[in-house]
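Here is the structure we will look at, set down as structure tokens.
The values are calculated or read from the model by the stated rules, or taken from the named source; none is laboratory data. In this text the structure is predicted, and so the values were computed from the model without any measurement. Please note: Cβ atoms are built from the backbone with ideal geometry, for glycine as well, and neighbour counts cover all protein chains shown. Just so you know, the surface numbers come from the protein's heavy atoms only, side chains and all, with ligands and any DNA or RNA stripped out. Shrake-Rupley method; radii C 1.70, N 1.55, O 1.52, S 1.80 Å.
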Amino acid sequence: MGDVAPPRSGFAAPPQGGAAGGPAEPDPRRPLEGGSALAVPRARSAVALLLMVASGFAALGCQIVWTQQATLWLGQENAAVLAVVGAFFGGLALGAWALGERIERSARPARWYAACEAVIALWSLALIGLPSLAAPSLLGLMGLQPSAPWQWTVAFVGTFVLLLPATAAMGATLPAMERVLARWYGRGRALAALYAGNTAGAVLGVLATAFWLVPAWGLTRTALACALLNLVCAAIAWRWDGDARAPATVAEPAHAESLAQATSRAASPLLLLAATGCLGIGYEVLVVRVLSQVTENTVYTFAMLLAIYLVGTALGAAAWQRWGWRRAADHGHESLLWALAGACLVGVIALALAPQIKGYALAQLGGSFAAALIAEALLAALAFLPATFVMGALFSHISQRAMARGAGFGQALAANTLGAALAPPLFGVVLLPALGAKGALIVVVVGYLLLSLSQPTRTPGWLLAVAAAAVAFGVPPLGGVDVPPGGRLLTHLEGASASVSVVEDADGVSRLHINNRQQEGSSHSRVADARQALLPMLLHPAPRR
């Protein structure tokens, strides 16, 4: 994706020898052998990586701004987060799929990259004022008392359409840059490095936007700064355009049928990319929701959680680029899926202990703002880092498999981000209210285990299944509702927009809390509330009931 999602490229013929079982692949960290004509100057690789870092910075900065804007016109922060995340990945998938093949066939992919960055910048500028114009129409379409399905449909579809030009262009940036470097390194060799660099830029963008740019400059100036950075990337790539003079190291498809044949060969890894994309973002949505009830739940909290999620995926991709790229065999992903299922179980246990961990951290650090941020970062690291590290490696591995079978990088990215786009409505709107946060997280774990069923009799899979069952029945509900001494929890319900609990204290007074913090009335005021019902009766000339 253009920032948080994986990279992709278009189609090219599979390397000599096919996928697994062919000749050994060259080290992706070095250019192909064959003389000075094929030697990639370090400067060109550095420029490509810096462009990816800058692109990731701008895109995640835009995402933070768009989320704040969507909160205003949707009227609810959780709805805005889910809608923007879904629209973001949906646009990335569409752009990657629609433009990937054209970029792959282009002799000048750097020009494609420059054009995409320019489109992102121009539409980001348009989005400074466009939401305020579109919001009345969307709210009118939603209606005053919409049903839950219709409300969420308008929120997701409306946000998707509103952001589409920018997000679709973002979906093509990584494929274009991968194609630039592929003409020196070969297909897929620089994939993990570009993904790691792009994600590292996204981390910087999230933290800088939330902690510095928006507080200091406001939403409008922050959006202008991100658009300017996109324009700088476009100008550098247009002037650079080094790929037009680079030797083509990858054979182009000889006829149209080869694309369909390659897609058929790569169907299995593409489906795997879609499934893991959905489960990975589903895990993110659920963890953020649980921690929002334990942490301070500010924009800084969201930025910290997202940044650590991205750090983990970037580290995993970088580690795969450094040590794991040779493991491209057709069934090498099972061990990664097992590791990911285990890491998610560790994350669930960390979430169950989150209130105690936060309390201990604050007791050691004090009650300052900095101490609260450190405690939130610790919780995010425990819940996210192990799982996302494996996610970054798994994406790189499966994408390499798909490209080895002849699929385009664009197809790999589109499949992964399409699955990711389905995660917010599926996990945030459907499974979370139906199963609760813990149950939905167990679905994520079971999903990873089911994806590893090509080796169903292997011991790790059975052991992890038993561990998942133990966590499902042995770990208390997640969220850590605060119950006063001598009190008890009467009701706890988890919905798509919030979690609601009714807590009774030692004196028998019941209070309703939203997301474990906001109080919305109590039984203590029952008499006063009932007396207010007399007012309309007194004002009515002839009350009968």
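Within segment 209-228, one or more residues are under 19 Å from residue 111 (Cα atoms) and either open to solvent by 10 Å² or more (accessible area, probe 1.4 Å) or at pLDDT 85 or above (or both). Give segment 47-79 a look and list any residue that's touching a residue at least 40 places away in the same chain (Cβ under 8 Å), within 19 Å of residue 141 (Cβ to Cβ) and touching a helix residue (DSSP H, G or I) at 6+ places or on another chain (Cβ under 8 Å), or say none. Those that are touching a residue at least 40 places away in the same chain (Cβ under 8 Å), within 19 Å of residue 141 (Cβ to Cβ) and touching a helix residue (DSSP H, G or I) at 6+ places or on another chain (Cβ under 8 Å): 69, 70, 72, 73, 74, 79. I'd like to know if segment 237-256 contains one or more residues that are at pLDDT 70 or above, out of contact with any helix residue (DSSP H, G or I) (no Cβ under 7 Å at 6 or more places or on another chain) and within 16 Å of residue 299 (Cβ to Cβ). Among the residues of segment 237-256, not one is at pLDDT 70 or above, out of contact with any helix residue (DSSP H, G or I) (no Cβ under 7 Å at 6 or more places or on another chain) and within 16 Å of residue 299 (Cβ to Cβ), which makes the answer no.
Within segment 395-417, take every residue that is of a type outside the set (S, T, N, Q), under 18 Å from residue 338 (Cβ atoms) and more than 15 Å from the chain's Cα centre (by Cα) and give me the one that is modelled with the lowest pLDDT.
So the residue we want is 401.
Filtered by the rule that a residue be acidic (Asp, Glu) and exposed (fewer than 11 other Cβ atoms within 10 Å of the Cβ), segment 519-545 gives a lone residue, 520.
Across segment 475-513, the number of residues qualifying as of a type in the set (Gly, Ala, Ser) and within 26 Å of the chain's Cα centre (by Cα) comes to 7. Please work out if residue 338 is farther than 25 Å from residue 439 by Cα and in contact with a Lys or Arg (Cβ under 9 Å, 6 or more places away or on another chain). For residue 338, the condition - farther than 25 Å from residue 439 by Cα and in contact with a Lys or Arg (Cβ under 9 Å, 6 or more places away or on another chain) - is not met. Taken over segment 138-165, residues that are surrounded by fewer than 20 Cβ atoms within 10 Å (Cβ to Cβ) and assigned to a helix (DSSP H, G or I) amount to 15. For residue 516, the conditions (1) buried (at least 17 other Cβ atoms within 10 Å of the Cβ); (2) in contact with a helix residue (DSSP H, G or I) (Cβ under 8 Å, 6 or more places away or on another chain) all hold with the exception of (2). Taking the listed residues 32, 99, the one that is in contact with a helix residue (DSSP H, G or I) (Cβ under 6 Å, 6 or more places away or on another chain), assigned to a helix (DSSP H, G or I), of a type in the set (A, V, I, L, M) and at pLDDT below 95 is 99, with no other qualifying. Does segment 351-375 hold any residues that are over 28 Å from the mean Cα position of the chain (by Cα) and not in a helix (DSSP H, G or I), and which are they? Hits for segment 351-375 are 366, 367, 368. A search for C-beta distances below 6 Å between a residue of segment 257-283 that is on the phi > 0 side of the Ramachandran plot and buried (at least 17 other Cβ atoms within 10 Å of the Cβ) and any residue that is modelled with pLDDT of 90 or more and in a helix (DSSP H, G or I), counting only pairs 6+ apart in sequence or on different chains, returns nothing. Mind checking which residues of segment 514-535 are under 39 Å from the mean Cα position of the chain (by Cα) and modelled with pLDDT under 85? Answer for segment 514-535, where residues must be under 39 Å from the mean Cα position of the chain (by Cα) and modelled with pLDDT under 85: 515, 516, 517, 518, 519, 520, 521, 522. Answer yes if at least one residue in segment 82-93 is open to solvent by 40 Å² or more (accessible area, probe 1.4 Å) and either part of a helix (DSSP H, G or I) or among the charged types (D, E, K, R) (or both), and no otherwise. Within segment 82-93, not a single residue is open to solvent by 40 Å² or more (accessible area, probe 1.4 Å) and either part of a helix (DSSP H, G or I) or among the charged types (D, E, K, R) (or both). Filtered by the rule that a residue be part of a helix (DSSP H, G or I), β-branched (Val, Ile, Thr) and either at pLDDT 90 or above or open to solvent by 60 Å² or more (accessible area, probe 1.4 Å) (or both), segment 103-137 gives 119, 120.
Taken over segment 358-388, the criterion of being open to solvent by less than 40 Å² (accessible area, probe 1.4 Å) and among the hydrophobic types (A, V, I, L, M, F, W, C) is satisfied by 361, 371, 372, 373, 375, 377, 379, 380, 381, 383, 384, 387.
It is to be established whether one or more residues within segment 418-432 are open to solvent by less than 10 Å² (accessible area, probe 1.4 Å), modelled with pLDDT under 90 and either in contact with a strand residue (DSSP E or B) (Cβ under 8 Å, 6 or more places away or on another chain) or of a type in the set (D, E, K, R) (or both).
The first filter runs over segment 418-432 and keeps only residues open to solvent by less than 10 Å² (accessible area, probe 1.4 Å), leaving 419-420, 423-424, 427-428, 432.
If we keep only those that are modelled with pLDDT under 90 as well, we get none.
No, segment 418-432 has no match at all.
Which pairs turn up if I take residues in segment 532-543 that are part of a helix (DSSP H, G or I) and look for partners that are open to solvent by less than 100 Å² (accessible area, probe 1.4 Å) with beta carbon separation below 8 Å, at least 6 apart in sequence or on another chain? Sorted first by the residue in segment 532-543, then by its partner, the pairs are 536/543; 537/543.
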